[in-house]
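The structure appears right after this line, and notes come after that.
The values are calculated or read from the model by the stated rules, or taken from the named source; none is laboratory data. Note that the structure is a prediction, hence the values are computed from the model and not measured. A quick note on method: Cβ atoms are made from the backbone with ideal geometry, for glycine too, and the neighbour counts reach across all protein chains shown.
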Amino acid sequence: MQPLASSSKTRNITVRAISIGLILVVVNSYWIAISSELWYSVFTAVSLFFNTIFCLFALIQINFLFQRFFPKQAFSPQELSVMYIMMSMVSTISGHTMMMYLVGTLTHPFWFATAENEWQSLFWRYIPSWFTVSDKAILTEYFRGESTFYTTRYIKAWLVPMSAWSAFIFCLFSTLLCLNVLIRRRWMEEERLTYPITQLPIEMTMNANSFFRNELLWCGFGLSGTITLINGLHILLPTIPMIPVKFHEVGHYFTSKPWNAIGWTLVDFHPFIIGLTFFIPLDLSFSCWFFYLLSKSEKVFASSMGWHNLYLNERSVSAWIALGLLAIWTSRKHLGRIGKQILMGSQAKGKFDESKEPIRYRTAVIFVIVGFLFIGLFCYYAGMSLWAIALFFFVYLAMAFGIARIRAAFGPPYHEVVFVNPRQFMTVVLGSRMIGSANLTIMAFLYPFTRCHRSHPMPNQLESLKIAQQGDMLNRRLMWAMMSAIGIGAIATFWIYLSIVYKYGASAKLHGWIAGIGWETFNPLQSWLNHPSSTDRTAIMFMGGNVLFVFLLMAMRHRFIWWPFHPGGYVLSGGAWSGMFYIWNAVLISWTIKWFILKYGGLKAYRKACPFFFGLVLGDYIIGCGWNIIGLIFNTPAYSIW
């Protein structure tokens, strides 16, 4: 890669910052993994990661001391930002949202195979030897614990699978990063999307002195922090009353038909969700809770009519694909100009100034091509057909662009979509019989990358580029820092997980989902192989209708300013297990507060109130992570904010 920026611009990302960032990558990898699996405290499920904000907050407090006593050694805002970005990169890999699923999936089919489920005869022959470890003697201590990974026997057994999957993660995530480079200018500078999730870290790093002197910030911090402090004390001393801000299930109160069809319904009052939602545009936050309640009404109506299947997951995956394709379609002219610039060079009309990009467009395209070639060859040599690889990653990329677009434009605090993934789409549209046993088996191992999309790398990378843009950091060194964090983070996280499971035992002392995730991917595989299915035409009709509905919502939004329903809110609320499943009530509360402030105070009152809602987020995050650290130090369960 050739340097594009001036030397002064490149120097604002120092070697010192990258070195400290790499140390923090390993530290955060361990912290996320041990918290997720030992006590099931999930840091990376929400859009703004708990651990990264806590570490950034700690670094800023240390920096205040440096500014006072060692001013020449103090970190610049750009140095703080690059450390935060590197921690964000590893956080998309670690924890309960990707690596835990992958490690748990790799070992599952061999340890849990029995004569009854017939896994050995059904699909063992389709699993490449370099994918995982099949020797039960190696896996015994993995599941039972009371051992150590640091033996020649175990390291030698895991070296090839760990290297192969770490390389796959690095190539996939780096390819998404280069795609973000290609789309960045369009979404940041031409459309000027708001990137709400980046507002707090930008304020903390770029305006630290004024930000932390705001009284409203500390009022919000005190309110949410006090709640989290009291709830943490309740865990240690049950006589102290708990303030109920977590999930409360109310669906069980509806016992008669058709009302009992609403199912499991949670009500929550998380302060940080209320704080983050405050920065979402009103039309989106309204659409989120409106469409969630509409889906509940739809279930009640279906029950009253005797309908048994609403195809919620199938409709959801089609909606996400439609949203992603719309995001690409609206950027087609921008991408076309990039293509002409790459092909024609200096002769291209309307040439972009590439000095404002972290790498040249030609370099980014080469990385994308090489990355997808590696991914394709990885899957091909594992046993997938070329057409299945192409279709799987087409759906994956469409959903990735849709999620990145939603996060860039509206910043939802949570966007989980379980059972909405390329495998689901392919088995519905084509049927498991047409896909074939080998393709289905390899897709079972790719399931961890598509299970719930909570800490999806693409939106986090795009938001990191936005933070870099605000700090005038879009240069070659930033790309090396981000890619280094991804590469080292992948290896470190894999290694750390193996260390943890051999010590505690995946089925013994660990309370996460590492021993159970395999059932979620291999039970459907067993069903498809035993009972091959054909194309589900009814589901395809629902999916097609849902795509048209998304297009209708988008068209109405562009045609009528007053139109209150946003397709983003619809896709976030879709699916049998969507992101709004957990937070709809907090979103409704925050929407109501923001509506009143804008209605009766206008933009001036809104801007004045922003620090208070930043404080709600910070108080919950800082005190909550503090309780987690205390629990790890004393090896005891502690209060978890999520």
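Data for the structure
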item: Number of positions in region 585-642 that are free of Cβ contacts under 8 Å to residues at least 12 places away in the same chain and closer than 30 Å to K296 by Cβ; result: 3
item: Scan of region 237-253 for residues that are at pLDDT 85 or above and buried (at least 16 other Cβ atoms within 10 Å of the Cβ), ordered by number; result: V245
item: Every pair of residues 6+ apart whose Cβ atoms lie under 8 Å, when the first sits in region 180-203 and is closer than 16 Å to R332 by Cα while the second is outside any helix (DSSP H, G or I) and acidic (D, E); result: V181/E357; R184/E357; R185/E357
item: Count - residues of region 89-142 that are touching an Asp or Glu at 6+ places or on another chain (Cβ under 7 Å) and surrounded by fewer than 17 Cβ atoms within 10 Å (Cβ to Cβ); result: 0
item: In region 57-104, the residues that are charged (D, E, K, R) and at pLDDT 95 or above; result: E79
item: Single condition F286 does not satisfy, out of (1) surrounded by 19 or more Cβ atoms within 10 Å (Cβ to Cβ); (2) within 23 Å of the chain's Cα centre (by Cα); (3) within 20 Å of R192 (Cα to Cα); result: (3)
item: Hey, I623 modelled with pLDDT under 95, more than 26 Å from A327 (Cα to Cα) and not polar (S, T, N, Q) or not; result: no
item: Residue ID - surrounded by the most Cβ atoms within 10 Å (Cβ to Cβ), chosen from residues in region 343-366 that are at pLDDT 90 or above and not charged (D, E, K, R); result: P358
item: Some residue of region 368-376 being surrounded by fewer than 16 Cβ atoms within 10 Å (Cβ to Cβ) and either closer than 20 Å to N475 by Cα or modelled with pLDDT under 95 (or both); result: no
item: Candidates I467, I500, I496, I486, filtered to the one that is of a type outside the set (K, R) and more than 22 Å from F445 (Cα to Cα); result: I467
item: Residue selected from region 452-496 under the condition modelled with pLDDT of 95 or more and hydroxyl-bearing (S, T, Y), by the criterion surrounded by the most Cβ atoms within 10 Å (Cβ to Cβ); result: T493
item: Selection from region 380-395 of residues that are part of a helix (DSSP H, G or I) and either crowded, with 23+ Cβ neighbours inside 10 Å or of a type in the set (V, I, T) (or both); result: A388, I389, F392, V395
item: Filter pass, S224 being among the polar types (S, T, N, Q), under 21 Å from W577 (Cβ atoms) and in contact with a Gly (Cβ under 8 Å, 6 or more places away or on another chain); result: no
item: Long-range neighbours under 7 Å by Cβ, at least six apart or interchain, first residue in contact (Cβ under 8 Å) with a residue 40 or more places away in the chain and assigned to a helix (DSSP H, G or I) within region 114-137, second surrounded by 13 or more Cβ atoms within 10 Å (Cβ to Cβ) and of a type in the set (G, A, S); result: W119/A113; F123/S437; Y126/G383; Y126/S437; Y126/A438
item: Matching option when the condition is surrounded by 20 or more Cβ atoms within 10 Å (Cβ to Cβ) and of a type outside the set (D, E, K, R), among G222, G232, G145; result: G232
item: Any hit, region 402-422, residues being surrounded by 23 or more Cβ atoms within 10 Å (Cβ to Cβ), over 19 Å from L176 (Cα atoms), modelled with pLDDT of 95 or more and out of contact with any Gly (no Cβ under 6 Å at 6 or more places or on another chain); result: no
item: Pairs, first farther than 15 Å from A490 by Cα and of a type in the set (K, R) in region 7-35, second at pLDDT below 95 and surrounded by fewer than 18 Cβ atoms within 10 Å (Cβ to Cβ), C-beta under 7 Å, six or more apart; result: K9/D472
item: Hey, S36 within 26 Å of I500 (Cα to Cα), modelled with pLDDT of 95 or more and crowded, with 19+ Cβ neighbours inside 10 Å or not; result: no
item: Region 148-157: number of residues that are closer than 19 Å to M100 by Cα and in a loop (DSSP other than H, G, I, E, B); result: 2
item: Among residues of region 158-181, those that are crowded, with 21+ Cβ neighbours inside 10 Å and either among the small types (G, A, S) or in a loop (DSSP other than H, G, I, E, B) (or both), counted; result: 2
item: Verdict on S316 being without any contact (Cβ under 8 Å) to a residue 12 or more places away in the chain and over 24 Å from G220 (Cα atoms); result: no
item: Filter result (within 19 Å of I93 (Cα to Cα) and part of a loop (DSSP other than H, G, I, E, B)) within region 414-457; result: Y414, H415, E416, V418, N421, T450, R451, C452, H453, R454, S455, H456
item: Region 266-290 residues that are touching a residue at least 24 places away in the same chain (Cβ under 8 Å) and acidic (D, E), paired with ones that are part of a helix (DSSP H, G or I) and crowded, with 24+ Cβ neighbours inside 10 Å (beta carbon under 6 Å, 6 or more apart); result: D268/A586
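Each row is one residue, and each column tells you yes or no for (1) surrounded by 23 or more Cβ atoms within 10 Å (Cβ to Cβ); (2) over 25 Å from L233 (Cβ atoms); (3) acidic (D, E).
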position: M541; (1), (2), (3): no, yes, no
position: V547; (1), (2), (3): no, yes, no
position: M556; (1), (2), (3): no, yes, no
position: I561; (1), (2), (3): no, yes, no
position: P564; (1), (2), (3): no, yes, no
position: S573; (1), (2), (3): yes, yes, no
position: S578; (1), (2), (3): yes, yes, no
position: G626; (1), (2), (3): no, no, no
position: A638; (1), (2), (3): no, no, no
